[in-house]
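Below is one structure, written out as structure tokens; the observations come after it.
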Amino acid sequence: MTPRHAVPDRLVGLTSWHADWSGLRVVILGLGATGFSVADTLTELGADVLVVAESASDEYTRLVSVIGATLFTGDLRHPPTEVIEHDPELIVASPGFSPHHPMIEWATAQMIPLWGDIELAWRVRDKVGTPAEWMLVTGTNGKTTTVQLTASIIAAAGHRVAPCGNIGVPVLDAVRDPQGFDVFVVELSSHQLHYLASTNAAVSPHSAVCLNIANDHLEWHGTFDAYRDAKARVYENTRVACVYNKADAATRTMVENAEVVEGARAIGFDLGIPGPSDLGVVDGILCDRAFLDDRRSSALEIITLDELHAQGLAAPHVVANILAASALARAYGVPPETIKQALRGFSLDPHRIQLVLDHDGIRWINDSKATNPHAADASLTAFESVVWVLGGLLKGVDIGPLIARHASRLRGAVIIGTEQQAVTSALQRHAPDIPVIDVDPAETETVMTRAVHAALGMAEPGDVVLLAPAAASLDQFTGYDQRGTYFAQAVNEIQGGGADDQSEEPHRTES
């Protein structure tokens with residue numbers, strides 16, 4: 001077997017689609033959308049690819065054979081014989097493989113270079129000509145909305161733009177699109193950022209933002225410090241603008257500690273009055289004081305809060321996302337009037353503070369996307385009296401502080417999910433006087449029907465029944481979208497048919 005210390009020598013030169021990747025022995029860990037995009041790319045480049053996964057769908061199993069790669073599925077608690085015999089020169093890990101996974105620990109012990117899909121995409125970004133500029137977006141919450149906002153704004157300016165990454169379209173698929181793009185707006189999870197390497201081929205984005213940071217994914221990273229350090233990698237080697245949240249001191253510290261390209265600017269945003277290198281809000285007007293010549297004494301108007309309210313975009317959380325997206329777009333030279341034009345045509349995705357039904361004085365809100373306490377905090381803050389539907393996979397996070405912060409606005413709580421004891425205990429400690437109903441997790445097919453019935457029994461006119469679980473969904477659902485869909489269906493089946501039913505064309509807003 002080739003000595004491991006010699007392996008990286010070949011990889012040093014693999015910084016272009018047009019480099020010689022032929023025969024490179026690669027093991028790919030995982031076979032979801034990301035893993036398949038890596039396999040498809042590397043086989044097209046001529047590499048010798050072995051895909052390894054605990055299980056795989058029938059579709060991906062068939063496609064792996066079609067593209068000319070080899071697939072192993074089975075127990076990954078120890079390196080399979082097939083992996084050892086493949087003698088990999090490189091391992092590419094899908095985001096689901098944590099640093100503590102046995103395959104990752106084995107690769108590290110063997111000193112086999114370990115990449116994620118983002119590093120590979122950066123190296124081969126020149127496939128269809130001049131590479132696109134990259135804008136990177138991360139944060140505990142708001143990533144997808146900010147990516148969509150930024151892409152919409154840049155598209156309104158006439159540029160070819162692809163929102164990609166953790167948003168659902170693998171970056172490698174965008175890289176290989178034959179039409180080519182001017183800009184990639186790349187949503188990056190902390191898992192993807194963990195695998196970004198500081199090498200000769202390190203990602204060097206046009207601009208980057210970390211929207212916020214709070215406890216999340218601790219079961220994957222192990223500690224909050226590791227999670228924060230992964231997020232901070234988003235700013236490394238940024239060339240033009242490091243956008244940070246003035247209301248979240250940790251993001252400022254990330255920028256201050258980042259190794260950036262000389263000349264890169266720090267651009268702040270929050271809901272307050274902006275300083276000379278910031279975007280913010282003055283007298284109900286979103287303003288830019290960063291990207292104009294006379295920024296010491298003047299500002300550029302982007303849009304008013306009244307206009308955003310008419311679009312369902314005036315919740316504080318969303319306004320912050322708009323300011324972050326506007327900062328990225330302004331760094332790319334998009335004029336404020338184009339940003340306003342794009343915002344007038346923008347609407348949020350379902351499952352993000354989505355009004356399902358307003359009936360008999362009770363509003364039913366679907367914020368299934370609130371998969372952690374930080375996101376649920378934003379939802380709860382938007383309403384005065386709430387029957388809260390919560391619970392799921394807590395991912396190692398203590399929900400107690402969130403409950404304590406909002407106990408005064410709770411009419412009652414309905415607990416779903418499989419980790420109910422932790423939620424029940426936290427409610428007993430921090431909101432002991434509110435009624436609580438546990439929905440039996442054993443009957444997953446009817447969980448939302450029973451939850452909606454329980455919430456209806458608690459709610460009074462003027463209340464909001466809010467699905468903001470503060471937890472992941474995979475204990476009972478295929479994802480937050482299915483969880484939200486089932487909630488909306490149950491609401492309409494039980495309460496629907498009133499004159500105020502808006503479920504066909506839901507008003508979308510986010511807090």
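The values are calculated or read from the model by the stated rules, or taken from the named source; none is laboratory data. Here the structure is a predicted model, which is why all the values come from computation and not from measurement. All Cβ positions, even for glycine, are placed from backbone atoms using ideal geometry, and neighbour counts span all protein chains on display. For the accessible areas, the whole protein counts, side chains as well, though only heavy atoms, and no ligand, DNA or RNA atoms are used. Shrake-Rupley method; radii C 1.70, N 1.55, O 1.52, S 1.80 Å.
When the surface is traced with a 1.4 Å probe over the full set of protein chains, residue 474 keeps roughly 120 Å² accessible. Listed values for the stretch 89-96 are Karplus-derived 3J(HN,Hα) couplings in whole Hz (6.51 cos²θ - 1.76 cosθ + 1.60, θ = phi - 60°), namely 8, 8, 10, 10, 9, 6, x, x, and x replaces Gly and Pro.
Could you give me D for the chain, from Stokes-Einstein at 4 °C and 1.567 mPa s, where the hydrodynamic radius is the Kirkwood radius over C-alpha pairs? Units µm² s⁻¹, please.
Once the numbers are plugged in, D ends up at 54 µm²/s.
Here's how it looks for residue 362: its modeled amide H is under 5 Å from those of 462, which are all 5 or more places away or on a different chain. Net length available on complete extension from residue 481 to residue 444 is 11.8 nm, with 0.36 nm assigned per residue and the Cα-Cα distance removed.
Taking 0.36 nm per residue of separation and subtracting the current Cα-Cα distance, fully stretching the chain between residue 283 and residue 409 would add 42.5 nm. Solvent-accessible surface of the chain, averaged per residue with a 1.4 angstrom probe and all protein chains in place: 39 square angstrom. For the stretch 245-315, GluC sites (Glu not before Pro) are listed when DSSP marks them as loop and at most 11 other Cβ atoms sit within 10 Å of their Cβ; the list is 259, 262. The accessible surface of the chain, taken with every protein chain in place and a 1.4 Å probe, is 48 percent carbon and sulfur.
Assuming a ≥ b ≥ c are the square roots of the Cα gyration tensor eigenvalues, decide whether the stretch 1-140 counts as rounded (a/c under 1.5), prolate (otherwise, with a/b larger than b/c) or oblate. Cα axes put the stretch 1-140 in the rounded bin.
Per-residue surface analysis assigns residue 362 an accessible area of about 10 Å², computed on protein heavy atoms at 1.4 Å probe radius. When the Cα positions of 68, 359, 15 are compared along the charge dipole of the chain, 15 comes out farthest toward the positive end, with charges on each C-beta of Lys, Arg, Asp and Glu.
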